[in-house]
Each structure stands twice: as structure tokens, then as C-alpha cells.
Amino acid sequence: MPAPRVRTASQDDSLPVLGSGRVADSGLGMGPALTDPSARRIRYLRVSVTDRCNYRCAYCMPAEGWAKKPREALLTLEEIGRFVELMASLGVTRVRLTGGEPLLRRGLVELVRRVSETPGIDEVVMTTNGHLLSRHAGALFQAGLTGLNVSLDTLDAERFSRMSRGGDLEVVKRGLTAAREAGFVNIKLNTVVVAGENDHELAELCRFAFDEGHLPRFIELMPIGQLDYGRPEQVVPTASMLERLMRAFGLEASTNLSGRVRGPARYHRVVSGPYLGAEIGLISPMTDDGFCASCNRARLTSTGGFRPCLGNDDEVSVLHSLRNHASAEHIVALVRRAVALKLPAHRMQTFATAPSTGMTALGG
Ligand code: SAM
Ligand code: SF4
């Protein structure tokens with residue numbers, strides 16, 4: 001694998017680096033801002049609020065499901081809320097609630113409200129399979145949820161049911177309509193592309209998204225959770241996705257549009273035809289050597305593992321510290337220890353170093 005292209009501190013104005021590589025105080029009372037050994041500032045926390053799910057997507061879960069953790073092994077909403085507050089005091093500004101299926105977590109709306117009211121947190125967003133969205137969209141919007149990513153792998157009802165092992169496309173579509181009616185304007189449709197399964201549907205998925213006012217994004221399949229899935233021959237490189245989409249729409253790279261260049265997604269804009277100006281996102285964890293260069297995120301697993309990277313099993317547990325009401329200083333020290341483990345880049349391209357923890361607990 002080529003050496004990762006990691007941005008150095010001096011290349012990034014947003015990093016308040018002092019003389020010898022020390023970083024400036026976060027300004028929020030908990031010492032230096034949270035910065036990893038590659039000088040990337042951590043500003044984005046993804047939280048798996050549950051390892052439970054009402055779907056069993058073939059690339060995410062074994063057909064029989066995971067052995068569920070006992071409820072007491074999962075962080076409580078109070079513990080998640082406190083952890084978010086501590087992370088905000090270290091400079092985190094954005095929180096994504098995910099899972100498993102976050103909408104299965106009782107009290108989620110209250111958690112959204114608490115996180116959105118946390119000083120320093122500007123954005124609270126969620127990733128969902130959309131199955132329960134029509135029931136909760138209004139309350140989530142009212143509670144302060146600022147953005148939604150909804151997974152949508154296919155527009156074929158039978159394939160949808162097969163890929164998700166029992167999911168219902170029409171229910172998800174109704175959820176999307178409800179979300180729009182509730183006031184969400186920032187809805188992204190995430191498609192995991194699997195060779196020979198849904199890779200012929202990219203243009204159709206884009207047209208659906210454009211017609212509904214959503215943003216389509218295509219994700220390379222990752223080998224996560226020791227499934228017999230995510231094998232090299234199942235991965236469709238985004239270069240090949242882009243080629244197909246170019247033929248369908250005519251695209252140019254868009255680099256500076258409405259805040260949508262944050263994170264590892266690369267966006268392209270339609271340059272002709274009825275969808276002129278519409279955008280498409282491509283996410284290339286498997287083929288983009290620069291994928292990790294601007295990574296600003298960390299994860300909290302449903303069982304209280306704080307992970308600096310999705311791509312391996314390194315974590316520091318904060319479960320007992322949160323449960324035993326340990327001091328803020330103690331928990332922050334654990335967080336810093338974990339962030340010090342963050343590798344310059346994940347190594348999932350080798351297919352041998354993928355995390356063994358399933359995506360549902362990890363918080364994809
Ligand atoms: N249940 C919610 C959902 O499906 O949107 C949230 C949790 S899910 C683990 C988060 C995201 O991870 C989804 O967009 C899903 O498609 C993606 N994902 C799961 N397994 C993946 C894999 N092996 N490769 C790439 N993306 C994956
Ligand atoms: Fe559930 Fe989401 Fe995983 Fe599908 S991708 S099994 S909906 S957690």
C-alpha cells in the first residue's frame with residue numbers, strides 16, 4: 001500500500017499548533033484541544049446508541065444477527081450525554097447518532113435534545129435505515145436534529161428485502177417523505193455498492209434522490225465484522241462508479257459547495273441535462289489513499305468503547321468510568337490515551353486488518 005498522505009499541522013490553518021508541536025488550549029477548560037499523532041484535530045464524534053437492529057443487511061450483520069449484549073452492557077443515555085459534554089469541552093462540534101438502528105433506542109428524542117443543547121455542539125445528525133422514520137421524524141426535528149443520512153441500497157423492492165434481509169422499501173420511502181415534511185432539508189441517501197447486486201442502479205438511485213431533493217452518496221463496501229462479505233471481488237471501486245455516473249449525467253468535481261466537502265466524501269456536480277447542478281457523493285475507504293488524511297472523527301461504541309478509528313479494534317473503554325461517575329479529568333485522560341492510538345490511515349485495503357467488532361456496535 002502506498003504511504004498515506006497525511007496532512008501536517010503546518011498545512012492546516014485550523015490547527016492551533018504551537019512551537020514544538022504542542023497544540024493550543026481548547027479554550028473550553030479541559031486543556032489542549034484533542035489532536036492525534038498525525039496532527040488531525042478531532043471535532044466529530046459518532047455514537048452507536050444501540051447494537052440492535054430491525055434489519056440484517058448482508059454486508060453488516062450475519063444472517064442470524066449478533067448475540068445481543070445485555071442491556072446493562074450498553075451505555076445509558078445519561079452516560080452518552082455526559083460523554084458528549086466532555087467531548088464538546090475538548091472541541092468536538094458535531095455528533096452523529098448511529099448504531100445499529102438508532103431509532104430502536106428508547107429515549108432517543110430526549111438524547112437528541114440533550115446533545116443539541118450541549119454548549120459547543122453545532123450539529124447533531126443521525127444515520128438510520130429509515131424504517132421507523134415516519135413515526136419519529138417530527139419529534140426528532142423538533143428536538144434539534146440537524147441532518148439525516150438514510151441508507152438506501154436499491155429501488156427494487158425485492159432486492160431491498162434481500163439485501164437488508166427483510167427490509168421494506170415502501171416503508172423507508174414513506175419515512176423519507178415524512179422527514180421532508182417534518183422540515184429536514186439536509187437528507188443524504190447512502191448506498192453501499194456491492195458488485196453484481198446493486199451496482200447497475202447507480203444512475204436510477206441518483207434520479208430518485210434528485211427528484212426528491214436528496215443528495216445521493218455511494219460508499220465502497222468495507223470488510224467489517226468478520227462476515228463472509230466485503231470480499232475483494234465484491235468491492236466496486238469508486239473510479240468505476242464515477243465512470244458509470246459520468247456516462248449517465250456528465251459530471252465535474254465540486255470542491256467548494258455549501259459545506260458539503262467536509263469529511264472523506266468527494267462530491268461531483270452534474271454539468272448538463274435536467275439535473276444540472278445536482279451533486280453526487282462518492283466515499284472511497286477502500287481505494288482512496290488519501291481517505292484518512294483529513295479524518296476528524298472518533299467513535300463511541302454502544303458498549304462504551306472509545307475508538308479513534310473505524311478501521312481497527314483499538315479502543316479505550318470509558319464505560320466503567322462513566323458508570324462510576326469518574327471525574328472529568330479522568331475520562332478526558334482516557335480519551336487522550338485513545339486518540340494517541342489513532343493510526344495515520346486504516347489498513348482495510350489489505351482485507352486482513354479489518355475490525356472484528358461488527359458495524360452495529362461500532363457505529364458505522
Ligand atoms: N442502521 C443505520 C443505517 O443502516 O443507516 C445506521 C447504522 S449502519 C451500520 C451505518 C452505515 O454503515 C450505513 O450507511 C450502512 O450502509 C453502512 N455500512 C454498514 N456495513 C458496511 C460495510 N460493510 N461497508 C460499507 N458501509 C457499511
Ligand atoms: Fe442494521 Fe444499518 Fe447494519 Fe443494515 S446497515 S443491518 S440497517 S445497522
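The values are calculated or read from the model by the stated rules, or taken from the named source; none is laboratory data. Keep in mind the model is a prediction, meaning the values are calculated, not measured. Neighbour counts are summed over all protein chains in view; Cβ atoms, including those assigned to glycine, are modelled from backbone coordinates with ideal geometry. Heads up: the accessible areas ignore ligands, DNA and RNA and are worked out on the full protein's heavy atoms, side chains in. Shrake-Rupley method; radii C 1.70, N 1.55, O 1.52, S 1.80 Å.
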Original post:
Can you name the residue in the range 129-158 that is of a type in the set (Gly, Ala, Ser) and either in a loop (DSSP other than H, G, I, E, B) or without any contact (Cβ under 8 Å) to a residue 12 or more places away in the chain (or both) and is also nearest to ligand 1 (Cβ to nearest atom) among such residues?
Top reply: GLY130
**OP:** For ASP199, work out the one condition from (1) more than 22 Å from VAL124 (Cα to Cα); (2) open to solvent by less than 10 Å² (accessible area, probe 1.4 Å) it doesn't fulfil.
**Re:** (2)
Original post:
Which of the residues spanning the range 267-320 are of a type in the set (D, E, K, R) and within 22 Å of LEU97 (Cα to Cα)?
Top reply: ARG297, ARG299, ARG307, ASP313, ASP314, GLU315
Subject >> Where SER161 falls short, out of the listed (1) under 20 Å from GLY213 (Cα atoms); (2) within 16 Å of ligand 2 (Cβ to nearest atom); (3) part of a helix (DSSP H, G or I) >> reply: (1)
Original post:
Out of all the residues in the range 99-110, is one or more away from ligand 2 (no atom under 16 Å from the Cβ), part of a helix (DSSP H, G or I) and in contact with a helix residue (DSSP H, G or I) (Cβ under 8 Å, 6 or more places away or on another chain)?
Top reply: yes
Original post:
Quick check: anything in the range 312-321 touching a Leu at 6+ places or on another chain (Cβ under 9 Å) and touching a residue at least 60 places away in the same chain (Cβ under 8 Å)?
Top reply: yes
Subject >> Condition check for LEU251: at pLDDT 95 or above and hydrophobic (A, V, I, L, M, F, W, C) >> reply: no
Original post:
Out of (1) modelled with pLDDT of 90 or more; (2) within 12 Å of ligand 2 (Cβ to nearest atom); (3) open to solvent by less than 10 Å² (accessible area, probe 1.4 Å), what's the single condition that is false for ASP51?
Top reply: (3)
Original post:
In this structure, does GLY100 turn out to be in contact (Cβ under 8 Å) with a residue 12 or more places away in the chain, among the small types (Gly, Ala, Ser) and either in contact with a strand residue (DSSP E or B) (Cβ under 9 Å, 6 or more places away or on another chain) or open to solvent by 30 Å² or more (accessible area, probe 1.4 Å) (or both)?
Top reply: yes
Subject >> Inter-residue pairs, beta-carbon under 9 Å, first without any contact (Cβ under 8 Å) to a residue 60 or more places away in the chain and in the range 38-56, second polar (S, T, N, Q), 6+ apart >> reply: ALA39/THR8; ALA39/SER10; ALA39/GLN11
Original post:
Can you tell me which residue in the range 72-82 is nearest to THR303 (Cα to Cα), limited to those that are surrounded by fewer than 22 Cβ atoms within 10 Å (Cβ to Cβ) and not polar (S, T, N, Q)?
Top reply: ALA73
Subject >> Exclusive hit being more than 17 Å from ALA278 (Cα to Cα) and not small (Gly, Ala, Ser), set ARG174, ARG217 >> reply: ARG174
Subject >> In the range 111-128, the residues that are part of a helix (DSSP H, G or I), out of contact with any strand residue (DSSP E or B) (no Cβ under 7 Å at 6 or more places or on another chain) and surrounded by fewer than 20 Cβ atoms within 10 Å (Cβ to Cβ) >> reply: ARG113
Original post:
Which one of the conditions (1) surrounded by 17 or more Cβ atoms within 10 Å (Cβ to Cβ); (2) within 16 Å of ligand 2 (Cβ to nearest atom) does PRO62 fail to meet, given that it meets all the rest?
Top reply: (1)
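Okay, residues lined up against (1) under 19 Å from TYR59 (Cα atoms); (2) charged (D, E, K, R); (3) in contact with a helix residue (DSSP H, G or I) (Cβ under 7 Å, 6 or more places away or on another chain); (4) open to solvent by less than 20 Å² (accessible area, probe 1.4 Å):
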{"position": "ARG207", "(1), (2), (3), (4)": "no, yes, no, no"}
{"position": "GLU212", "(1), (2), (3), (4)": "no, yes, yes, no"}
{"position": "ARG217", "(1), (2), (3), (4)": "yes, yes, no, no"}
{"position": "LEU221", "(1), (2), (3), (4)": "yes, no, yes, yes"}
{"position": "ARG231", "(1), (2), (3), (4)": "yes, yes, no, no"}
{"position": "PRO237", "(1), (2), (3), (4)": "yes, no, no, no"}
{"position": "MET241", "(1), (2), (3), (4)": "yes, no, yes, yes"}
{"position": "GLU252", "(1), (2), (3), (4)": "no, yes, no, no"}
**OP:** Considering every residue within the range 170-187, establish whether at least one is open to solvent by less than 10 Å² (accessible area, probe 1.4 Å), over 18 Å from the mean Cα position of the chain (by Cα), within 14 Å of ligand 2 (Cβ to nearest atom) and without any contact (Cβ under 8 Å) to a residue 60 or more places away in the chain.
**Re:** yes
